[in-house]
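Asks: Pasting in a structure now, in structure tokens, and then I'll have a few things to ask.
The values are calculated or read from the model by the stated rules, or taken from the named source; none is laboratory data. These figures come from a predicted structure and were not determined experimentally. When we count neighbours, we look across all protein chains shown, and the Cβ atoms used for this are built from the backbone with ideal geometry, even at glycine. What goes into the accessible areas is simple: the full protein's heavy atoms, side chains included, and nothing from ligands, DNA or RNA. Shrake-Rupley method; radii C 1.70, N 1.55, O 1.52, S 1.80 Å.
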Amino acid sequence: MSSDTREKPDAKYRHDEDGGPDPEEHGGHGRGGMGEEVKRKEDRRFITGRGNYVDDVKKDGMLHCEVVRSPHAHAEVKNIKTERAEAMDGVVAVLTAEDLEAYDLATMPTLMDDTQEVLVKDKVKFQSQEVAAVIAEDRYLAKDGAEKVQVNYDSREPVVDAETAKREDAPVVREDIDQESNHIFTWETGDEAATREAFEAADVTVEEDMYYQRLHPAPIETCGCVADWDQDNEKMTVHMTSQAPHAHRTLFSMVSGIPEHKVRIVSPDVGGGFGNKVPIYPGYVIAAAASYVLEQPVKWVEERSENIQTTSFARDYDMTGRIAATEDGEITAVDVDVLANHGAYNAAAQPSKFPAGFFKIFTGSYDIDAAHGELEAYYTNTAPGGIAYRCSFRVTEAVYLIERMVKVLAQELDMDPAEVRRKNFIPEDAFPYESATGWTYDSGDYHRALDKALESTNYHDLREEQQRRIEKDDDKLLGIGLSTFTEIVGAGPGKQCDIAGVEMFDSAEIRLHPTGKATVRIGVQTQGQGHETTFAQIVAEELGLDVDDVQVEHGDTDTEPYGLGTYASRSTPVGGAATAVAARKVREKAKSIAANELEVAEEDVVWDRESGQFHVQGVPEQSLSIADIAGASYMNSPPDQEPGLEAVDYYDPPNMTFPFGAYVCVVEVDRETGEVDIRKFYALDDCGNRINPMVVEGQIHGGLAQGIGTAMMEHVSYDDNGNVTAGDFMNYLLPTAMEIPEMETDYTVTPSPHHPIGAKGVGESPTVGSPPAIVNAVVDAMEHAGVSHVDMPMTPDRVWGKLEEAGLAKDPAEDLELDIDGEEAAGD
């Protein structure tokens with residue numbers, strides 16, 4: 001490999017002291033390269049209604065699948081009667097577990113070494129679990145047929161939360177694997193003895209219980225597929241809502257026994273993923289099995305209620321955090337206990353060597369000498385999951401815990417939470433930094449980010465306003481919440497991280513055509529992130545091309561190089577790196593061809609990034625563009641080289657990247673109603689070098705909206721019988737434009753030293769950093785009355801309950817009496 005392909009970020013990717021891009025050195029060539037605000041190429045087809053989604057796929061003779069689901073959370077299946085459905089005109093087949101067993105398709109592997117039934121034969125383990133499937137000539141006939149399938153159940157007592165599941169007398173969820181309890185695993189990290197010693201020696205210790213509620217990603221497009229078995233060529237083609245097409249191809253081959261080169265996964269336009277479209281779901285397997293048996297295409301697309309009730313959830317962590325500190329606020333240790341609800345199967349979508357994901361980043365942005373964490377995971381009669389919903393494998397829970405605990409410590413010490421953070425930040429000169437739990441942070445400048453955030457929001461003025469409101473007993477309390485978080489993204493490295501045994505590298509293939517235009521094929525898969533634009537910008541920057549002359553392709557396993565897909569903010573850190581390195585390989589070969597064309601030695605040829613050309617050293621007028629060289633590579637290639645100009649790279653990162661941010665949330669809490677109004681939200685993110693600032697800002701806006709929903713509204717809840725009580729958008733509330741406040745975005749730039757273009761990733765940072773900022777703000781508003789925590793979602797009734805407990809609630813009738821008395825006095 002040439003020496004310049006995996007080089008560290010060069011001078012053209014560095015930034016000025018204020019953290020902004022230097023227009024003289026970074027982008028600004030007018031070609032749409034790094035740092036330029038290029039409009040997204042893909043948006044034209046989306047805003048004109050020309051997107052192509054799975055449900056848009058139509059094939060001759062296509063049948064439709066409707067799944068029969070259990071109304072019970074925990075019940076034995078006594079028998080299934082399919083005769084009435086099978087007798088309907090237009091119903092082609094009714095499938096049960098026995099039918100799938102004949103083809104060895106009755107079960108499927110999860111992403112964490114568990115096995116899940118495709119269709120249940122003996123016992124359902126969560127409400128709406130798949131029991132049978134009806135295949136019909138159209139979707140409506142399939143739905144009518146599903147209603148005529150009769151299933152007799154013997155209901156059992158369910159267990160729906162981890163606290164109950166851990167009891168010795170709790171109903172056992174998984175007798176199928178000879179489980180005598182609901183315990184799945186115990187995970188531990190850090191140094192327990194050192195942490196215990198630090199707590200024993202501490203001047204101050206604080207503790208807080210907190211629950212990160214079960215959430216659902218709720219993408220605008222639900223999950224679905226069109227499976228098409230070609231008997232003549234013995235090939236299965238599946239158009240599906242996939243965030244990881246190649247990984248899904250491997251899993252499809254493993255489940256079905258069809259050779260992998262005879263399986264094609266096509267992921268067309270995807271209407272949002274957020275981790276929800278990483279796992280394999282029974283509906284995919286049912287459709288593929290039906291197509292294989294019937295030799296016709298079969299479409300399965302779930303409804304919204306099915307998506308929320310049965311596909312993978314996120315979070316559901318009961319956490320207890322503890323901090324030990326000196327009397328002046330220096331944190332000496334952190335200790336964490338977690339009780340995790342994994343649902344009916346261990347199906348978390350995360351690297352197999354990390355059963356608790358990357359939760360061990362719970363030391364956050366702080367230089368803490370001792371840390372210890374322990375997690376216990378349990379089965380329950382709820383839908384399985386534990387995905388990276390717009391976060392990198394449980395990082396959201398870890399960040400929430402440490403950012404809340406720093407606020408609790410500040411309250412205990414009667415210190416400003418900004419000063420506690422400042423006192424404990426990892427110093428800028430300590431990077432690369434080895435955390436107490438074993439991560440190696442690549443780079444950071446937390447003090448600069450916090451200082452900029454406080455100055456930009458007039459933090460000290462806000463504190464004065466808060467005090468004035470308290471003194472005059474105002475009807476609305478003011479709260480200011482901070483979150484200075486660090487995320488970990490970019491999984492691999494492959495020796496540490498794998499999905500279903502496949503190392504988490506990623507890939508890019510670049511081909512220049514004779515006319516100088518480029519096709520880029522990538523292993524990651526977009527679901528709205530803008531890859532067709534940003535990856536084209538990387539290539540444009542590296543090769544001196546115009547961004548409009550670069551076409552990015554993705555989502556077809558027959559043509560794209562093998563990659564692990566897009567989730568956990570790994571596209572730019574891994575796939576973007578592969579693209580940059582592949583482009584540098586192309587550039588290295590182009591240099592040799594340029595020397596041949598210019599009739600000079602190769603060492604006399606230099607690359608000028610600004611002009612996007614090769615020229616003879618000291619003679620800039622003797623130059624060639626990449627487009628010129630591309631033509632020569634096909635028409636006048638050097639005698640010692642193969643014709644053509646292309647390269648592929650499989651990039652295995654040496655480390656992960658560590659984006660960070662400083663968020664400030666300002667809220668008003670109505671003492672009469674408990675309603676929380678987010679007056680302002682300021683979000684400063686440092687994602688290293690930014691490919692497209694406009695795309696970055698859009699990612700942050702979307703992530704903040706989801707963070708607001710998390711903090712204020714969203715919760716997949718269950719009653720004691722295991723019924724999902726928030727299984728549709730009438731009950732699972734999402735924020736609308738009415739609930740989204742004024743957002744101010746900002747940034748600093750601290751490049752990753754090991755990434756080829758110094759980028760870190762940003763798509764998930766706002767969803768990671770915003771919930772603790774919002775909760776901290778609401779708690780901050782009531783802190784003077786002793787309130788130290790409010791669990792999410794912070795609904796008005798929950799907040800009003802805290803106000804009442806603290807003696808802060810106001811009765812609207814009192815204000816009414818005052819108004820009446822005032823009017824009478826004025827009348828007298």
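Asks: Going by what's in this entry, would V285 be described as outside the structural domain of G563 (by TED's automatic domain parsing), at pLDDT below 95 and under 29 Å from A102 (Cβ atoms)?
Replies: On the way: outside the structural domain of G563 (by TED's automatic domain parsing): yes; at pLDDT below 95: no; under 29 Å from A102 (Cβ atoms): yes.
The answer is no for V285.
Asks: How many residues does the stretch 156-191 contain that are open to solvent by less than 50 Å² (accessible area, probe 1.4 Å) and either among the aliphatic types (A, V, I, L, M) or assigned to a strand (DSSP E or B) (or both)?
Replies: Total satisfying the criteria: 12.
Asks: Can you tell me which residue within the stretch 34-49, out of those that are open to solvent by less than 70 Å² (accessible area, probe 1.4 Å) and over 16 Å from P268 (Cα atoms), is farthest from the chain's Cα centre (by Cα)?
Replies: The selected residue is T48.
Asks: With respect to A194, determine if the residue is of a type in the set (A, V, I, L, M), crowded, with 18+ Cβ neighbours inside 10 Å, part of a helix (DSSP H, G or I) and touching a residue at least 40 places away in the same chain (Cβ under 8 Å).
Replies: Working: of a type in the set (A, V, I, L, M): yes; crowded, with 18+ Cβ neighbours inside 10 Å: no; part of a helix (DSSP H, G or I): yes; touching a residue at least 40 places away in the same chain (Cβ under 8 Å): yes.
It is false that A194 is of a type in the set (A, V, I, L, M), crowded, with 18+ Cβ neighbours inside 10 Å, part of a helix (DSSP H, G or I) and touching a residue at least 40 places away in the same chain (Cβ under 8 Å).
Asks: For residues in the stretch 775-828 being open to solvent by less than 50 Å² (accessible area, probe 1.4 Å) and modelled with pLDDT under 95, which is farthest from D677 (Cα to Cα)?
Replies: Here the answer is G822.
Asks: So which of P259, P171, P279 is within 28 Å of the chain's Cα centre (by Cα) and not acidic (D, E)? Spell out the reasoning first.
Replies: Details: P259 fails: within 28 Å of the chain's Cα centre (by Cα); P171 fails: within 28 Å of the chain's Cα centre (by Cα).
Exactly one of P259, P171, P279 is within 28 Å of the chain's Cα centre (by Cα) and not acidic (D, E), namely P279.
Asks: Find the residue count for the stretch 608-628, including only residues that are surrounded by 13 or more Cβ atoms within 10 Å (Cβ to Cβ) and touching a residue at least 60 places away in the same chain (Cβ under 8 Å).
Replies: Here the count works out to 8.
Asks: Could you run through the stretch 373-407 and say how many residues are open to solvent by 10 Å² or more (accessible area, probe 1.4 Å) and over 21 Å from V160 (Cβ atoms)?
Replies: 2
Asks: Name the single residue that is nearest to Y53 (Cα to Cα) among those in the stretch 197-220 being in a loop (DSSP other than H, G, I, E, B) and open to solvent by 30 Å² or more (accessible area, probe 1.4 Å).
Replies: First, pick out the residues of the stretch 197-220 that are in a loop (DSSP other than H, G, I, E, B): 202-203, 216-220.
From what's left, open to solvent by 30 Å² or more (accessible area, probe 1.4 Å): 203, 220.
Values: D203: 59, I220: 12 Å.
If we take residues in the stretch 197-220 being in a loop (DSSP other than H, G, I, E, B) and open to solvent by 30 Å² or more (accessible area, probe 1.4 Å), then I220 is nearest to Y53 (Cα to Cα).
Asks: Tell me which of these E465 doesn't satisfy, since it passes every other one: (1) surrounded by fewer than 23 Cβ atoms within 10 Å (Cβ to Cβ); (2) free of Cβ contacts under 8 Å to residues at least 60 places away in the same chain; (3) in contact with a Leu (Cβ under 8 Å, 6 or more places away or on another chain); (4) under 27 Å from V278 (Cβ atoms).
Replies: All conditions pass for E465, except number (4).
Quick grid of which residues meet (1) touching a helix residue (DSSP H, G or I) at 6+ places or on another chain (Cβ under 7 Å); (2) of a type in the set (V, I, T); (3) open to solvent by 70 Å² or more (accessible area, probe 1.4 Å):
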position: E76; (1), (2), (3): no, no, no
position: I80; (1), (2), (3): no, yes, no
position: A93; (1), (2), (3): yes, no, no
position: A97; (1), (2), (3): no, no, no
position: D104; (1), (2), (3): no, no, yes
position: Q116; (1), (2), (3): no, no, no
position: S128; (1), (2), (3): yes, no, no
position: V134; (1), (2), (3): yes, yes, no
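Asks: State whether the residues of the stretch 742-763 include one that is surrounded by fewer than 24 Cβ atoms within 10 Å (Cβ to Cβ) and free of Cβ contacts under 8 Å to residues at least 40 places away in the same chain.
Replies: Within the stretch 742-763, not a single residue is surrounded by fewer than 24 Cβ atoms within 10 Å (Cβ to Cβ) and free of Cβ contacts under 8 Å to residues at least 40 places away in the same chain.
Asks: What are the residue pairs meeting all of these: first residue in the stretch 301-315, first residue open to solvent by 20 Å² or more (accessible area, probe 1.4 Å), second residue modelled with pLDDT of 95 or more and of a type in the set (V, I, T), Cβ atoms under 7 Å, and 6 or more apart or on different chains?
Replies: V301/V54; V301/T222; E303/T222; R304/T222; Q309/V724
Asks: Among the residues of the stretch 331-345, are any out of contact with any Ser or Thr (no Cβ under 9 Å at 6 or more places or on another chain) and in a loop (DSSP other than H, G, I, E, B)?
Replies: The answer is no, given that none of the residues of the stretch 331-345 is out of contact with any Ser or Thr (no Cβ under 9 Å at 6 or more places or on another chain) and in a loop (DSSP other than H, G, I, E, B).
Asks: Select, from I691, I700, the only residue that is part of a helix (DSSP H, G or I), hydrophobic (A, V, I, L, M, F, W, C) and modelled with pLDDT of 95 or more.
Replies: On the way: I691 fails: part of a helix (DSSP H, G or I).
Criteria check complete, one pass: I700.
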